[in-house]
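Participant: Please read through the structure below; I'll follow up with questions.
The values are calculated or read from the model by the stated rules, or taken from the named source; none is laboratory data. Nothing here was measured: the structure is a model prediction, and the numbers come from that model. Cβ atoms come from the backbone with ideal geometry, glycine included; neighbour counts cover every protein chain shown. These accessible areas exclude ligands, DNA and RNA; they are computed on the full protein's heavy atoms, side chains included. Shrake-Rupley method; radii C 1.70, N 1.55, O 1.52, S 1.80 Å.
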Amino acid sequence: MEVVIKAEKLSKAFGDFIATNAISFEVYKGEIFGFLGANGAGKTTAIRMLCGLSKPSSGEATIAGFDIYRETESIKKNIGYMSQKFSLYEDLTVAENLRFYGGIYGLGRKELKEASEAVIKNLGLEQERKKLVSSLPLGWKQKLAFSVAIMHEPKLVFLDEPTGGVDPVTRRQFWDLIHQAAARGITVFVTTHYMDEAEYCDRISMMVDGEMKALDTPRNLKKQFGVDSMDAVFYEMARGAKRSD
Ligand SMILES: Nc1ncnc2c1ncn2[C@@H]1O[C@H](COP(=O)(O)OP(=O)(O)OP(=O)(O)O)[C@@H](O)[C@H]1O
């Protein structure tokens, strides 16, 4: 299996406080990897290091084979990123947003046109292409934002609570898009607070107080804890946590 993320004892301290404490794990090509943990568990800090945005205090990691200390430019070209706070330009149309971001990702004219058409068709936005993004429902904006984040076919996409605030049906549709991307070989690294979503991941890791306390398939984790839902696994893991953010 091709390793897309490899982290070894990756740590980040802010003064005396260790936000992320010696986490080690691997994520494979095309895998949907859930990165769970209560607020303040250290997820965002870890993602920032993996994207090459923040220098670790210690430890090693590679993303698509590139070193997170020395090859951050190559990492940026090979990843996509979307968070709940990531917003498209509300005062640009759907088509203009696609053109704008495609340009930033360095797509050529022909590639950009093809990729934009593919997104519009896949999301069924043919009638909306000339509408301002501000006029779209939140769920559509999120689906569009995700599609934009993978327009350049990155090896890996980071999704930081991508579905916050939308209803279960729309979340389900969003996850269909995630599965499509993974089936094309894009690795998906996703944080969520929704435990129904955790069930859709191939493997789940659980961060507690900066440490990675569990890493397995949802099925094995439920078995390990003798419970029948990811909700119960999460509760069992998080209830001993000291941090409350
Ligand atoms: N720049 C910083 N300086 C000091 N402390 C920080 C800094 N960034 C994060 N922290 C602390 O590190 C801990 C982990 O924060 P982090 O944002 O990584 O958690 P998280 O798991 O992503 O939580 P959330 O789900 O709320 O985003 C928190 O206690 C936070 O206050």
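Participant: Hey, how much of the P(r) for the stretch 154-198 falls beyond 11 Å, as a percent of Cα pairs? Spell out each step's value before the answer.
Facilitator: Details: 657 of 990 pairs.
Roughly 66 percent, once rounded to a whole number.
Participant: How large a share of the accessible area of the chain, in percent, is made up of carbon and sulfur atoms when the probe is 1.4 Å and the other protein chains stay in place?
Facilitator: Values: 6000 of 12080 Å².
Carbon and sulfur together cover 50 percent of it.
Participant: Of ILE75, ILE104, ILE150, which is the most mobile in a GNM of the chain whose springs link Cα atoms less than 10 angstrom apart?
Facilitator: Greatest mean-square fluctuation among the candidates belongs to ILE104.
Participant: I've got another one for you. Springs between alpha-carbon pairs under 10 angstrom, Gaussian network model over the chain: which of VAL227, VAL190, VAL208 fluctuates most?
Facilitator: VAL227
Participant: Sticking with this structure for a sec: How much FRET efficiency would the formula 1/(1 + (r/R0)^6) give for GLU111 and ALA13, where r is the Cβ-Cβ distance and R0 is 45 Å, rounded to 0.05?
Facilitator: Details: r = 42 Å, r/R0 = 0.93.
The formula returns an efficiency of 0.60 here.
Participant: Quick one: divide the alpha-carbon radius of gyration of the chain by 2.2 N^0.38 Å and tell me what you get.
Facilitator: Numbers: Rg = 18.2 Å, N = 245, 2.2 N^0.38 = 17.8 Å.
Relative to the 2.2 N^0.38 Å estimate, the chain comes out at 1.02.
Participant: Taking a point 7 angstrom from the Cα of ARG243 along the C-beta vector, which residues in the stretch 197-227 have backbone N less than 15 Å away?
Facilitator: 206-214
Participant: Still on this structure, please answer the following. Students often forget the sequence filter, so: which lysines lie under 30 Å Cα-Cα from LYS55 once same-chain residues fewer than 8 apart are removed?
Facilitator: Qualifying lysines at Cα under 30 Å: LYS6, LYS9, LYS12, LYS29, LYS43, LYS76, LYS77, LYS85, LYS155, LYS213, LYS242.
Participant: Nearest 500 deg cm²/dmol is fine: what mean residue ellipticity at 222 nm does the chain get from its DSSP H runs of n ≥ 4 alone, each adding -39,500 (n - 2.57), divided by its residue count?
Facilitator: Working: 9 runs with 90 residues, N = 245.
One gets -11000 deg cm²/dmol as the mean residue ellipticity at 222 nm.
Participant: Something else about it: How would you classify the stretch 99-164 from its alpha-carbon gyration tensor, with a ≥ b ≥ c the square roots of the eigenvalues: rounded for a/c under 1.5, else prolate if a/b is greater than b/c, otherwise oblate? Walk me through the numbers before you get to the answer.
Facilitator: Working: a/c = 1.94, a/b = 1.11, b/c = 1.75.
Oblate shape, in that a/c is at least 1.5 and b/c is the bigger or equal ratio.
Participant: In whole Hz, with x marking every Gly and Pro, tabulate ³J(HN,Hα) for the stretch 155-161 from phi via Karplus 6.51 cos²θ - 1.76 cosθ + 1.60, θ = phi - 60°.
Facilitator: Once θ is set to phi - 60°, the couplings for the stretch 155-161 become 6, 8, 10, 9, 10, 9, 6 Hz.
Participant: Can you tell me what percent of all Cα-Cα pairs in the stretch 1-116 are more than 18 Å apart? Can you show the working numbers first?
Facilitator: Values: 3988 of 6670 pairs.
So the portion of pairs separated by more than 18 Å is 60 percent.
Participant: For the pair GLU153 and GLU73, what calculated FRET efficiency results from E = 1/(1 + (r/R0)^6), where r is the Cβ-Cβ distance and R0 = 25 Å, to the nearest 0.05?
Facilitator: On the way: r = 18 Å, r/R0 = 0.72.
Here the calculated transfer efficiency is 0.90.
Participant: While we're here: Using Cα springs under 10 Å in a Gaussian network model of the chain, which residue among PRO218, PRO168, PRO56 shows the largest mean-square fluctuation?
Facilitator: Maximum fluctuation in the GNM of the chain, among the listed residues, is at PRO168.
Participant: Name the long-range amide H neighbours of ALA214: under 5 Å, sequence gap of 5 or more, or other chain; modelled H, no Pro or chain starts.
Facilitator: MET206
Participant: Which cross-chain or sequence-distant (5 or more) residues have an amide H under 5 Å from the amide H of ILE32, H modelled 1.01 Å from N in plane?
Facilitator: Amide H to amide H, under 5 Å and 5 or more residues apart or across chains, ILE32 pairs with VAL188, ASP202, ARG203.
Participant: Counting heavy atoms of the protein chains only and a 1.4 Å probe, report the per residue accessible area for the chain as a whole number of Å². Numbers along the way, then the final one.
Facilitator: Details: 12080 Å² over 245 residues.
Per residue, the chain has an accessible area of 49 Å².
Participant: So what does the Cα-only Debye profile of the stretch 30-78 read at q = 0.25, 0.30, 0.32 Å⁻¹, as log10 I(q)/I(0), no solvent term?
Facilitator: After summing over all Cα pairs, the log10 values are -0.99, -1.14, -1.19.
Participant: For a test of the definition: using alpha carbon positions, the gyration tensor, and the 1.5 limit on a/c, classify the stretch 1-69 as rounded, prolate or oblate. Intermediate values should be presented prior to the final figure.
Facilitator: Details: a/c = 2.21, a/b = 1.43, b/c = 1.55.
Taking the square roots of the gyration eigenvalues as a ≥ b ≥ c, the stretch 1-69 is oblate.
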